[in-house]
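The values are calculated or read from the model by the stated rules, or taken from the named source; none is laboratory data. Keep in mind that this is a model prediction, so the values were computed, not measured. Virtual Cβ from ideal backbone geometry, glycine too; neighbours counted across all protein chains shown.
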Amino acid sequence: MARQGVLVEPYQRLNQEQIERIHQASLDILADPGIICFNSDAAEVYGDFGADVTPVEQEGPARWLVRIPEKIISDTLQAAPKVVKLGARHEDNCLILDGSEPRVRFASGSEANNWLDVDVETFISKRDPAREADFPVFRVQKGTVDRLAQAAHLCENLDSWDSFLRTVNIQDDDINDENKDVNKFFASLNNTTKHVMSGLTELAQLDNVVGMAQIIAGGEARFKENPIISFITCTVKSPLQLVDDTTQKAIEIAKRGIPLVISSSPQGGSTAPIREEGMVAQINAEILVGMALTQLVNKGAPVLYGSVPVRARMDDLNDSYGVPEFSQYNIDCVQMARYYGLPCYSTGGISDVNVPGIQASVERLFSHILVTLSGAQYIHYAFGLLERTNTFCPIQAVLDNTHIDMVKRFVRQPSITSDRVSECLEQVRRVMGTSHKLYVRFVRSALRSGEVTPSYPFEGKGMVDETLLRARENMEQMMSQPPHHIDRATIDRVFQQVPGLLPRLREY
Amino acid sequence: MTEDIISLIRENVIQGRVTQDDEGLEEEMVDQPGVTELIYKALDQKVDITDIINRGLTEGMGIVGQKFETREYFIPDMLASAEAVGAAMEILEPHLASSGIKAKGKIVMATVKGDLHDIGKNIVTILLRGAGYTVKDLGNDVEPQAIVDAVRQENPQVIGLSALLTSTMTQMGDTIQALKDSGLRDKVKVIIGGAPVSEEFARSVGADGYGADGFQAVSIVESLASGAGS
């Protein structure tokens, strides 16, 4: 069994002709102007397979202009797996991402520096000192290993949160670039039985992280069958530049056959054209070039089409996730991934504002609904992110879980069978035979089966919006659930064999 | 045997099964007799009617109320059970007098003149019947004079008036005035309910009570009918 997510009838923003036009535009971009590659291994690989590779004479680090012919893209698209399994400690939590099936799962994301706590304080009215009311107040904290572990525990307890992407950047005093990777993966894996995905800080730590995952999964062979971790690399710096560091990580991860997201995040209006045809043609080219590299170094390496297109704000050129263009770009990318048959790692559910509230709910729900309707196999950034992607708020994640559940209920396929229609006709006849003409008691079986959506769980009783207060109570209840840690013997083996783990993470 | 049928009636009230066609909440109940069939059977077997009412219907409804309080049950469950009790009381009504059982009370319900919205009034009617009252439902768009006539004819303890529209809620005051003009106002209590009305509005039109929802309406009727609210 695997997590089922929700199967949708995908909303098609682009028609077939438009998809093919964008595909051709991406191929044209890869041929002319091509990409600037800062990684020598990648330049060599592209050259070996027929790309036109020319050194660029310029001050600074070495770079090559790589013009990629259509054949490399078509051959590697053929080689790339169309179904990718993301394993999990508890195998019922694994995800089977099938590029041809519009089945949507939801994950967290970013590596936010900030963690936002919500406290409750009682305020007294200035006009009427006898009037008191409780309101949320916000406290920004920095991301730590402990908070990352708390987020993983929350993920474990929220039903719609299908996969854990590291939520916060761990900035403890005893964390450095050399030990960050093993500790962030361990803290995550030890607190959720769902799939864990993250970026890699140091390439030198790759084998330590993989070794740890193999021990936890039950050995090298078991890890191959059930890859409980995967990686994200943003190989491209938009526009069209392959970064040395992340490209090398992609090569090494692909060589090891571990699931990998090739993501690109151009900003419409600054690092990509603002109009969707230009934005999508460019990001598609950027993702295809990364995908091609993984297949050239290891044919059949599991790879996800990672599209994170955003739009620039016109007042400060920050990313803007709340605008409708964000959803348009993302839906287009999902369609491009489906055109290639590749599973899509897409983006939705983020807001530009710093705190939970009306703006946050409107902006994130907008893309939650629309990107879900597109049928992306894996939507990241879907939980708890605020201030674009700079802050993770666990209470916002609780709210997102509820909102995603509502979206999932909405997009579910109708089930209008002849049996159900007959049952309804019988109800109509029975109700019309009563004096009160009410269907209320026939609600019961649908209510008990979970078919009927419950009322909004964070609704207040008075004339004050109590959403955050109620969500906070719900979060505290979730956090008090017993953790699903890795068994003690396995943890002992991990600590014996994997260097760099903080001893305090062993105690719980 | 008596115990068996009483407990079956009680269980079917809890399950909200009016007839054997109702599925209830548990699969094993499907196709088993519902409250209606069981009441007829109990009458055939000459089971004491007081026992049927007290230990079957009332105890069952009490358990339903507890389940509602603890959020195990929802409004649809409550109404299904109330409907089952209402159906049972309708069958038992002709036998009450001969069994020496005093009827709990009579209520007249109506949606006021000009208003066709009767969902709220119907829900209150079901709940009142479920609570053991005899309810005369006059329907919707009911003229004040028709209500006056019903009071004369049915001699109820309480009238329940319902309205959904702000444009028809004023009819509640007119109806109460019509009762006063007919000299009947002191003989009957009047409660009102519906989306646009409030406790304050109830006071302003001279009603005796206001039910914010169906359950509150039943509770006010209980209080007024027993005289506590006089």
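Condition check for A:Asn179 on (1) buried (at least 19 other Cβ atoms within 10 Å of the Cβ); (2) polar (S, T, N, Q); (3) closer than 22 Å to A:Ile262 by Cβ: one failure, at (3).
If you go through the range A:362-383 and pick out every residue that is surrounded by 24 or more Cβ atoms within 10 Å (Cβ to Cβ) and farther than 26 Å from A:Val303 by Cα, you end up with 1.
Pull up the range A:412-430, narrow it to residues that are among the hydroxyl-bearing types (Ser, Thr, Tyr) and not in a loop (DSSP other than H, G, I, E, B), then point me to the one that is surrounded by the fewest Cβ atoms within 10 Å (Cβ to Cβ). Don't jump to the end; show me each part of the working.
Taking the range A:412-430 and keeping what is among the hydroxyl-bearing types (Ser, Thr, Tyr), we get A:415, A:417-418, A:422.
Of the ones still in play, those that are also not in a loop (DSSP other than H, G, I, E, B) are A:418, A:422.
On the way: A:Ser418: 7, A:Ser422: 10.
Checking each candidate, the answer is A:Ser418.
Residues in the range A:270-289 include none that are under 30 Å from A:Tyr456 (Cα atoms), in the same structural domain as A:Gln396 (by TED's automatic domain parsing) and part of a helix (DSSP H, G or I). Residues in the range B:27-49 that are within 13 Å of another protein chain (Cβ to nearest Cβ), surrounded by fewer than 23 Cβ atoms within 10 Å (Cβ to Cβ) and outside any helix (DSSP H, G or I): 1 in all.
Looking only at the range B:79-105, count how many residues are over 16 Å from A:His436 (Cβ atoms) and either within 14 Å of chain A (Cβ to nearest Cβ) or touching a Phe, Trp or Tyr at 6+ places or on another chain (Cβ under 9 Å) (or both). Final tally of qualifying residues: 4. Scanning the range B:87-112 for residues that are among the hydroxyl-bearing types (Ser, Thr, Tyr) and over 30 Å from B:Glu143 (Cβ atoms) gives B:Ser98, B:Ser99. Given the structure, is A:Gly211 outside any helix (DSSP H, G or I), surrounded by fewer than 22 Cβ atoms within 10 Å (Cβ to Cβ) and in the same structural domain as A:Leu86 (by TED's automatic domain parsing)? The answer is no for A:Gly211. Going by the structure shown, is B:Gly24 within 10 Å of chain A (Cβ to nearest Cβ), surrounded by fewer than 24 Cβ atoms within 10 Å (Cβ to Cβ) and not aliphatic (A, V, I, L, M)? For B:Gly24, the condition - within 10 Å of chain A (Cβ to nearest Cβ), surrounded by fewer than 24 Cβ atoms within 10 Å (Cβ to Cβ) and not aliphatic (A, V, I, L, M) - is met.
Quick check, is A:Arg441 within 14 Å of chain B (Cβ to nearest Cβ), basic (Lys, Arg) and touching a Gly at 6+ places or on another chain (Cβ under 8 Å)?
Details: within 14 Å of chain B (Cβ to nearest Cβ): yes; basic (Lys, Arg): yes; touching a Gly at 6+ places or on another chain (Cβ under 8 Å): yes.
For A:Arg441, the condition - within 14 Å of chain B (Cβ to nearest Cβ), basic (Lys, Arg) and touching a Gly at 6+ places or on another chain (Cβ under 8 Å) - is met.
Looking across the range A:359-400, just one residue is in a helix (DSSP H, G or I) and in contact with a Lys or Arg (Cβ under 6 Å, 6 or more places away or on another chain), and that is A:Ile395.
The criterion of at least 2 residues that are in the same structural domain as A:Glu156 (by TED's automatic domain parsing) is met by the following strands (runs of 3 or more DSSP E) wholly inside the range A:1-96: A:83-86. Using the structure shown, decide if A:Ala337 is outside any loop (DSSP other than H, G, I, E, B) and either over 23 Å from A:Ile19 (Cα atoms) or at pLDDT below 95 (or both). Spelling it out, it is not the case that A:Ala337 is outside any loop (DSSP other than H, G, I, E, B) and either over 23 Å from A:Ile19 (Cα atoms) or at pLDDT below 95 (or both). None of A:Leu97, A:Leu116 is touching a Pro at 6+ places or on another chain (Cβ under 7 Å) and in contact (Cβ under 8 Å) with a residue 60 or more places away in the chain except A:Leu97. With respect to (1) small (Gly, Ala, Ser); (2) crowded, with 21+ Cβ neighbours inside 10 Å; (3) more than 13 Å from chain A (Cβ to nearest Cβ), the lone exception for B:Gly16 is condition (3).
For the range B:180-195, indicate whether the set of residues that are of a type in the set (Lys, Arg), more than 24 Å from A:Ser435 (Cα to Cα) and part of a strand (DSSP E or B) is non-empty. Yes, some residue in the range B:180-195 is of a type in the set (Lys, Arg), more than 24 Å from A:Ser435 (Cα to Cα) and part of a strand (DSSP E or B). Of note, B:Asp137 satisfies the criterion of being within 14 Å of chain A (Cβ to nearest Cβ), surrounded by fewer than 24 Cβ atoms within 10 Å (Cβ to Cβ) and of a type in the set (Asp, Glu). Taking first residues from the range B:50-78 that are at negative phi and more than 14 Å from chain A (Cβ to nearest Cβ) and partners that are surrounded by fewer than 22 Cβ atoms within 10 Å (Cβ to Cβ) and in a loop (DSSP other than H, G, I, E, B), the Cβ contacts under 8 Å between residues at least 6 apart in sequence or on separate chains come to B:Thr50/B:Ile101; B:Ile53/B:Ile101; B:Ile53/B:Gly132; B:Leu57/B:Gly132; B:Thr58/B:Gly132.
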